[in-house]
1. Would you work out if region 50-116 is rounded, prolate or oblate? Take a ≥ b ≥ c from the square roots of the eigenvalues of the alpha-carbon gyration tensor; rounded if a/c is under 1.5, else prolate when a/b is larger than b/c, oblate otherwise.
2. Note the full-extension length gain between E67 and T166 as 0.36 nm times their separation in residues minus their Cα-Cα distance, in nm to one decimal.
3. For region 231-236, what does the Karplus curve 6.51 cos²θ - 1.76 cosθ + 1.60, with θ = phi - 60°, yield as ³J(HN,Hα) per residue in whole Hz, taken in order and with x for Gly and Pro?
4. Around N185, under 11 Å between beta carbons, what's the net of Lys plus Arg minus Asp minus Glu among the other residues?
5. For the chain, what does the helix formula give at 222 nm: sum of -39500 (n - 2.57) over DSSP H segments with n ≥ 4, over the residue count, nearest 500 deg cm²/dmol?
6. Which trypsin sites (Lys or Arg not before Pro) in region 9-50 pass both tests, a DSSP loop state and at most 14 other beta-carbon atoms within 10 Å?
7. Kindly put H164, H54 in sequence by how many other C-beta atoms sit within 10 Å of each C-beta, fewest to most.
8. If I model region 139-250 as equal point scatterers sitting on the Cα atoms and use the Debye formula, what is log10 I(q)/I(0) at q = 0.09, 0.24 Å⁻¹?
Amino acid sequence: MSGEEVPWYRSFFGQGYLDSYEFAPERTLQEVDFVERVLALPKGSRILDLCCGHGRHLVELAARGYEMVGLDLDPLFLRLAQEELDRRDLRARLVHADMRDIPPDCEVEAVINLFTAFGYLEDDGEDMKVLEGVARALRPAGKFLMDTMSRDRLVRIFQSHGWHETAKGFRVLEKREFNPLTGRNFVQVIRLAPDGSEQQVWHSWRAYTLTELAKMLKAAGLSVRETYGGYDGSPYSLESRRMIVLAEKL
């Protein structure tokens, strides 16, 4: 990638993303219930939400008594997270940074990385830097919880296109291409607003198998402890829509 090109993950998110994808409060509560149950940490424990987005998990965990740190690259998302924290009279540390740049003073009992927020970067080596940063941030026996789309199921039921309409009237068309050699899923997204205006963006995600991810985690000093196929706690299988991995610092 030349120095003149802007990585997709610096421009894909923001308001357009929020207009295109909706998250019901009930879904967030279910996901946070799962996170809390699986991490099994005492109240007051320090947790880093890596790629926290607009803070839907971070804010709820802060409300439940955890000391939260949120890191994200999108300024709008961080502003919205802060506004929600203020509205609910909660506190958390928010950091504007690339996911490879976890602050050196960020020592935590757990790191969470949810909703397929891993595999964005240019190659496996850059993704590895993220895991190494996670390991550095974790205190001894600290836990890392990662949620991503299941590559096994993605490949088995791959659909080259799809579309949906949001409650606000946005129509979103996705055109997808999966490269089996690189393991990357390239998606062109066309957003049609209610006023008829159109926006085209794209994203590229590296879909790791569980085997690949376990090897990378081990190389970073983390060991897989449990795997799940969804936020209902079901075991991971070829039918699972999600691949949720709980790892521990060695």
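Derivation of every value follows stated rules applied to the coordinates shown; laboratory data play no part. On a predicted model such as this, the values are computed, not experimentally measured, just so you know. When we count neighbours, we look across all protein chains shown, and the Cβ atoms used for this are built from the backbone with ideal geometry, even at glycine.
1. In terms of gyration-tensor shape, oblate.
2. Net length gain for the segment: 32.3 nm.
3. With coefficients 6.51, -1.76 and 1.60, one gets 6, 8, x, 5, x, 6 Hz.
4. Charge balance in the 11 Å sphere: +2.
5. -8500 deg cm²/dmol
6. K43
7. Taking fewest neighbouring Cβ atoms as first place, the list is H164, H54.
8. -0.33, -1.24
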